[in-house]
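The structure follows.
The values are calculated or read from the model by the stated rules, or taken from the named source; none is laboratory data. Please read all numbers here as calculations on a predicted model, not as lab measurements. All Cβ positions, even for glycine, are placed from backbone atoms using ideal geometry, and neighbour counts span all protein chains on display. Just so you know, the surface numbers come from the protein's heavy atoms only, side chains and all, with ligands and any DNA or RNA stripped out. Shrake-Rupley method; radii C 1.70, N 1.55, O 1.52, S 1.80 Å.
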Amino acid sequence: MRASKMYWYTLREVPAEAEISSHILLLRGGYIRKLVSGVYGFMPLGKRTLRKVEQIVREEMDRTGAQEIGMSALQPAELWQESGRWGAYGPEMWRVKDRNGREFCLGPTHEEVFTDIVRQNVTSYRQLPVNLYQIQTKYRDEARPRFGLIRSREFIMKDDYSFDRDEEGLDKSYKDMYQAYSNVFDRCGLTYRAVEADSGAIGGNNSHEFCALSDVGEEEIIYCESCSMAATAERAAFKDMAAETEAEKALEKVSTPGTKTIADVCKFLGLPQEKSIKAPLFVVQADANEDPKYVAAFIRGDRQLNMCKLVNALNVPEYAVEFADESKMSALTGCVGGFTGPMGLKNCTIVVDSELVGLKNACAGANEENFHYVNVNYGRDYKGDIVTDLKLLQAGDECPCCGSKVKSARGIEVGQVFKLGTKYSEPMNLTFLDENQQSHPVVMGCYGIGVTRTMAAIVEQHHDENGIIWPVSVAPYHVVIELIKPGDEAQEKLAVKIEEELERAGLEVVLDDRDERPGVKFKDADLLGFPIRINVGKKAGEGIVEYKLRRESEITELPFEEAIIKAIELVNKEKFGK
């Protein structure tokens, strides 16, 4: 490909809206262009890399026996109503109506559609297992699209669905997909961790998230170096302290003027913060037509509340839970901002962290301005409507598996695998008959890869101050040949010869024949991140060129034949990733 013929426009300045390296470099390199906030188009170079990521995904899916299909992004509301998710998915779903008033959505995911497809044909155990996937554009109306392709409103995703007769079959499908995902991200050149994760709006009872390690990742990963424990912070279990054995003391109400924070009240009372109880207050409203419901969550004063665990305990969509207006909540429940405790509350759900059951003689708000109770004990003085782990595991806390101190890292979620079980097959009546003609619900799994997000994650891990450093497996072109002086007969003849030899060997080549200064060309090559650069300059008549790898600073003079051999060997060795 001749650079002079390419539709390719780089930017010298950093776009104002770009915050992270992948966003900046993909825009500056002309890989993507913004249409509106959270919506991007792919230019020729970007499309080439995107296709390569898709192809890696496709090859690994096909290797497992999964079969590719293509479904519409426009989905009828009836399928989502049948599964029970039409009202539960939340404001991120793009809902539309046709001219006749029939409701549809732009699919954020495809569980319902795939379930419907399979139930139209599968009736017998002999037809199972089935594994179908697609690579398709998805839509989510993100409240705050940011970071370019990392969190956008329109994105490309590979979603895959397995259909098995029992849990044993699902275990095998899940294991196959887990390995296939590891292969995909290895081939894409990513450094990643597979961690236990929350299933969120997709549902199911088991899930792992594949996170590309990155300081700009929105996902916090908690892991233990002494054992195999690794999970997202929202999913990580927390090991309760051992139940205290001290005798319960008499409950006492004490004056605590002006002490609205845990730190203030504990200092005033001379108590450690682990002997206190705090009370984040929430309002839950999943449907605008329903009355709001109030929730008081109680947790040890020195712990942090894990919102995901609270949402799961309440069994409501994440979007339905917000911090409460304390003044409005007070009139109905009796809570008092800064002095709320678990005793005497009414008209609200009380959720108690499991650790508080064993906490003896703690202090808690008295639901009265400037007053707290001391010597508060669970069971005797208060009880919870729900008792569960609400704590956020953080770096330095004890590993719930082995007791060592855990560590944390940031990551970009690039893939997730779910065991759905019968979450969709039961309400949507996807069943099969076994050998004895007994009917059973099909057992399902769901497996997603963010293709465009993976592309951005690669850039986050593979760049320097000069631009992108693409792994060979996903580079838009393998080699750029820099023609230093267009019009020079010797240089042009040698550049074309190298181009032809490399292309004959199956490499993808750009011959930069633009009438630009060498420095401009080199800067563009570094920005765009082509893995190999061959400079054809003043020694072309002697058959000598400069050979440089993008990931290295060294430039070597070589006979052009040797440069060709080295380029072919490198690409053939690395095009399949690690």
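When only residues in region 16-32 that are under 15 Å from Leu528 (Cβ atoms) and not small (Gly, Ala, Ser) count, which is surrounded by the most Cβ atoms within 10 Å (Cβ to Cβ)?
Looking at the filtered set, the residue picked out is Tyr31.
Failed condition for Val53, given (1) more than 30 Å from Ser162 (Cβ to Cβ); (2) open to solvent by less than 10 Å² (accessible area, probe 1.4 Å), with all others met?
All conditions are met except number (1).
Can you confirm whether region 307-318 contains a residue that is surrounded by 16 or more Cβ atoms within 10 Å (Cβ to Cβ) and farther than 28 Å from Glu219 by Cβ?
Scanning region 307-318, I find no residue that is surrounded by 16 or more Cβ atoms within 10 Å (Cβ to Cβ) and farther than 28 Å from Glu219 by Cβ, so the answer is no.
Confirm whether Glu435 is in a loop (DSSP other than H, G, I, E, B) and either among the small types (Gly, Ala, Ser) or in contact (Cβ under 8 Å) with a residue 12 or more places away in the chain (or both).
Answer is yes for this residue.
Is it the case, given these coordinates, that Ala409 is surrounded by fewer than 22 Cβ atoms within 10 Å (Cβ to Cβ), under 19 Å from the mean Cα position of the chain (by Cα), hydrophobic (A, V, I, L, M, F, W, C) and within 30 Å of Ser22 (Cβ to Cβ)?
So Ala409 fits the description; yes.
Would you check if Val374 is at pLDDT 95 or above, farther than 23 Å from Asp325 by Cβ, in contact with a Leu (Cβ under 8 Å, 6 or more places away or on another chain) and among the β-branched types (Val, Ile, Thr)?
Considered against the rule, which asks whether it is at pLDDT 95 or above, farther than 23 Å from Asp325 by Cβ, in contact with a Leu (Cβ under 8 Å, 6 or more places away or on another chain) and among the β-branched types (Val, Ile, Thr), Val374 comes out as yes.
Here is a further query. Does any residue of region 354-361 turn out to be closer than 22 Å to Glu274 by Cα, in a strand (DSSP E or B) and at pLDDT 95 or above?
no
Please verify whether Pro476 is touching a helix residue (DSSP H, G or I) at 6+ places or on another chain (Cβ under 8 Å) and surrounded by fewer than 18 Cβ atoms within 10 Å (Cβ to Cβ), treating the condition exactly as stated.
no
What tally of residues in region 76-117 results from selecting those that are closer than 18 Å to Val443 by Cβ, in contact with a helix residue (DSSP H, G or I) (Cβ under 9 Å, 6 or more places away or on another chain) and open to solvent by less than 10 Å² (accessible area, probe 1.4 Å)?
Residues meeting the conditions: 3.
Scan (1) open to solvent by less than 10 Å² (accessible area, probe 1.4 Å); (2) of a type outside the set (Ser, Thr, Tyr); (3) free of Cβ contacts under 8 Å to residues at least 40 places away in the same chain for the single condition Lys158 breaks and write down its number.
(3)
Between Gly487, Gly529, which is on the phi > 0 side of the Ramachandran plot and more than 41 Å from the chain's Cα centre (by Cα)?
Within the list Gly487, Gly529, the selection yields Gly487.
With Lys485, Lys493 as the choices, which residue is of a type in the set (Lys, Arg), in contact with a helix residue (DSSP H, G or I) (Cβ under 6 Å, 6 or more places away or on another chain) and touching a residue at least 40 places away in the same chain (Cβ under 8 Å)?
Of the residues listed, the single one that is of a type in the set (Lys, Arg), in contact with a helix residue (DSSP H, G or I) (Cβ under 6 Å, 6 or more places away or on another chain) and touching a residue at least 40 places away in the same chain (Cβ under 8 Å) is Lys485.
Where residues in region 278-306 are in contact (Cβ under 8 Å) with a residue 40 or more places away in the chain and open to solvent by 70 Å² or more (accessible area, probe 1.4 Å), which of them is farthest from Gly334 (Cα to Cα)?
So the residue we want is Gln304.
Of the numbered conditions (1) crowded, with 18+ Cβ neighbours inside 10 Å; (2) at pLDDT 95 or above; (3) under 18 Å from Trp470 (Cβ atoms), Leu549 fails exactly one; give the number of that condition.
(1)
Would you check which residues across region 235-277 are among the basic types (Lys, Arg), crowded, with 17+ Cβ neighbours inside 10 Å and modelled with pLDDT of 95 or more and list them?
Lys275
Let me ask something additional. If the requirement is being of a type outside the set (Phe, Trp, Tyr), open to solvent by 10 Å² or more (accessible area, probe 1.4 Å), in a strand (DSSP E or B) and in contact with an Asp or Glu (Cβ under 9 Å, 6 or more places away or on another chain), which of these qualifies: Gly487, Gly448?
Unique residue meeting the criteria: Gly448.
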